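Working notes for the structure below.
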Amino acid sequence: MAGLPQAATAENEFQRVLHDRLLRTVFQPIVSVGSGEVIGYEGLVRGPVGSILESPDALIKEAYRENRVVEFDWIARASASRAALAAGLSSDDLLFLNIEPLALASDAPPDLWPVIEEAFQKLRVVLEVTERSLDRDPSTLLEGIDRQRSTVAAVALDDVGADIRTMSMLPALEPDVIKLDLKVTQRALSRKAMKILDFVYEEVERTDATVLAEGVETKRHEQIVRELGCPLAQGWLYGKPTDQPAPTGQHQATELLERNVALEEVRSPFEALGGHTISHASTEFLYSFANQVFTGGIHLLDPALALMLVPSPELLDRRALDVLSRWAGKRVVAGALGRGVPAEPAPGVRGSWVHDPLLDGEWASIALSPSTAVAILARLIPGTKSQFEFGVTHDRRRIISAARCLMRRLGPRPDEK
């Protein structure tokens, strides 16, 4: 391949790696911070030894460049499954497997499914959703996680804190395990790290999620992790990645993944009120009230979500769209939905490509961030054209349920279409 441009060389090598199923897996220990015992491993993808695509970063970059992320992801998952089974890992061991958000809602290639199915049946698999493109397509992401939850021991969100914008998705995803990015673990006293920790602690209190600290390389890092209160950790201090992971034996790690908080799903945002309405009101009242609250009454700080649902497109006026667009420019996940609302109603604002009759006649304005939680939810009263039953809630669980409902209908990020 000498003399070929670098891109062409990488493209040819990537084709060879995928076609011949040459991906490898090495395993990094995950430990209980309290006891120091190894309770499982994370499977890490590698290319052939000596290849220009040996490193995971090179592989993933090429997968995205060639738009073959889904194919790459399944081959990597099969490689990790095969290697874990060959190493003799058992149902006592946790096996963290990375998955790209784009691959969540796809089906496995027939030749790869048998070994993946065997591993998922024999091992306690924790499916680790990477932060790459996490906020790219919320609808596909949530659908995919729904499909996977019943097949695995837990769902983890990787590299939390690496990108503030993707942290906006944390309340909607409700992962069982929150993996702190090494930028938090190794720089715990920075202002940015404190902001991330505040948000993570709130999620842990609300969902009973377990926190795992990444990038623990020194005794000082371990001391920080203890101060942060992380039950689990991984990093070179506990062992470098190996292709020969040893079964860990019995331990109490599974108890850390048991949560008492169930996900609350609703068919429409209005259902999130649970019958706690305030009154009946006219279109004019709701329009004025929502404008006051969302254009003048709140100041969102990232990570944040700002979502609107309107019963007719004329109620989504230029002022509201300007506010959403301004928030989107500040890394807030902003969306507007409803019959007649375009796929990109304003710069940076997501719409929806699919009309859902379940949302007809409903009005919702939702804002959610570490400092703000408010939702105005209304439903057209049958037999009227402009009278709504409405309620206002500041209850985060209700607001998150309403937000999840809308995000399932939200289109891809405008810059990714």
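The values are calculated or read from the model by the stated rules, or taken from the named source; none is laboratory data. Remember, predicted model here, so these are calculated numbers, not experimental data. All Cβ positions, even for glycine, are placed from backbone atoms using ideal geometry, and neighbour counts span all protein chains on display. Please note that ligands, DNA and RNA were not included when accessible areas were found on the heavy atoms of the full protein model with its side chains. Shrake-Rupley method; radii C 1.70, N 1.55, O 1.52, S 1.80 Å.
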Unmet requirement for Val332, which otherwise passes all of (1) more than 23 Å from Ala162 (Cα to Cα); (2) of a type in the set (Val, Ile, Thr); (3) in contact (Cβ under 8 Å) with a residue 12 or more places away in the chain: (1)
Complete set of residues in the stretch 121-138 that are at pLDDT 85 or above, of a type outside the set (Lys, Arg) and open to solvent by 30 Å² or more (accessible area, probe 1.4 Å): Gln121
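Just to verify a result, which residue in the stretch 217-237, among those that are acidic (Asp, Glu) and surrounded by fewer than 18 Cβ atoms within 10 Å (Cβ to Cβ), is nearest to Val31 (Cα to Cα)? Spell out the reasoning first.
Taking the stretch 217-237 as the starting set, the residues that turn out to be acidic (Asp, Glu) are 217, 222, 227.
With surrounded by fewer than 18 Cβ atoms within 10 Å (Cβ to Cβ) added as a condition, the list becomes 217, 227.
Values: Glu217: 13, Glu227: 16 Å.
Ranking the candidates gives Glu217 first.
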Residue match in the stretch 320-335 (condition: under 30 Å from Glu203 (Cα atoms), touching a Leu at 6+ places or on another chain (Cβ under 9 Å) and among the small types (Gly, Ala, Ser)): yes
Leading residue by the ranking (most open to solvent (accessible area, probe 1.4 Å)) among those in the stretch 34-55 that are under 16 Å from Lys179 (Cβ atoms) and modelled with pLDDT of 95 or more: Leu44
Members of the stretch 50-63 that are touching a residue at least 24 places away in the same chain (Cβ under 8 Å) and farther than 14 Å from Leu18 by Cβ: Ile52
Any pair with Cβ under 7 angstrom, 6 or more apart, that starts in the stretch 109-121 at a residue that is more than 12 Å from Ala84 (Cα to Cα) and ends at one that is at pLDDT 95 or above and open to solvent by less than 80 Å² (accessible area, probe 1.4 Å): Pro109/Trp74; Leu112/Trp74; Leu112/Ile75; Leu112/Ala78
When residues of the stretch 197-212 are limited to those that are closer than 20 Å to Leu301 by Cα and in contact (Cβ under 8 Å) with a residue 24 or more places away in the chain, the one most open to solvent (accessible area, probe 1.4 Å): Asp198
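Within the stretch 182-194, work out how many residues are of a type outside the set (A, V, I, L, M) and touching a residue at least 40 places away in the same chain (Cβ under 8 Å). Please lay out each step first, then the result.
Filtering the stretch 182-194 for residues of a type outside the set (A, V, I, L, M) gives 183, 185-187, 190-192.
Adding the requirement that they be touching a residue at least 40 places away in the same chain (Cβ under 8 Å) leaves 185.
Qualifying residue count, the stretch 182-194: 1.
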Answer residue from the stretch 280-300, given it is within 18 Å of Phe270 (Cα to Cα) and either free of Cβ contacts under 8 Å to residues at least 12 places away in the same chain or of a type outside the set (A, V, I, L, M, F, W, C) (or both) and is most open to solvent (accessible area, probe 1.4 Å) among those: His280
Within the stretch 174-196, tally of residues that are open to solvent by 10 Å² or more (accessible area, probe 1.4 Å), in a helix (DSSP H, G or I) and of a type in the set (A, V, I, L, M): 2
Pairs with Cβ under 6 Å, 6+ apart, first in the stretch 145-168 and under 21 Å from Arg124 (Cβ atoms), second open to solvent by less than 10 Å² (accessible area, probe 1.4 Å) and not aliphatic (A, V, I, L, M): Val155/Pro175; Ala156/Glu128; Ala156/Pro175; Ala156/Lys179; Leu157/Pro175; Asp158/Glu128; Asp158/Thr130; Asp158/Lys179
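Pick out the one residue from Leu89, Leu23, Leu18, Leu85 that is among the hydrophobic types (A, V, I, L, M, F, W, C), open to solvent by 10 Å² or more (accessible area, probe 1.4 Å) and farther than 27 Å from Val211 by Cα.
None of the other options fit; the residue is Leu23.
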Some residue of the stretch 139-155 being at pLDDT 90 or above and outside any loop (DSSP other than H, G, I, E, B): yes
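Could you tell me how many of the residues in the stretch 340-365 are closer than 23 Å to Thr277 by Cβ and without any contact (Cβ under 8 Å) to a residue 60 or more places away in the chain?
As a first pass, look at the stretch 340-365 and keep what is closer than 23 Å to Thr277 by Cβ: 356-365.
Within this subset, residues satisfying the condition of being without any contact (Cβ under 8 Å) to a residue 60 or more places away in the chain are 356-357, 360-361.
Going through the stretch 340-365 one residue at a time, the tally reaches 4.
Out of Val261, Val266, I need the residue that is on the phi < 0 side of the Ramachandran plot, surrounded by fewer than 21 Cβ atoms within 10 Å (Cβ to Cβ), at pLDDT below 90 and part of a loop (DSSP other than H, G, I, E, B). Which one?
Val261
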Strands (runs of 3 or more DSSP E) wholly inside the stretch 327-417 containing at least 1 residues that are under 18 Å from the mean Cα position of the chain (by Cα): 333-337, 362-369
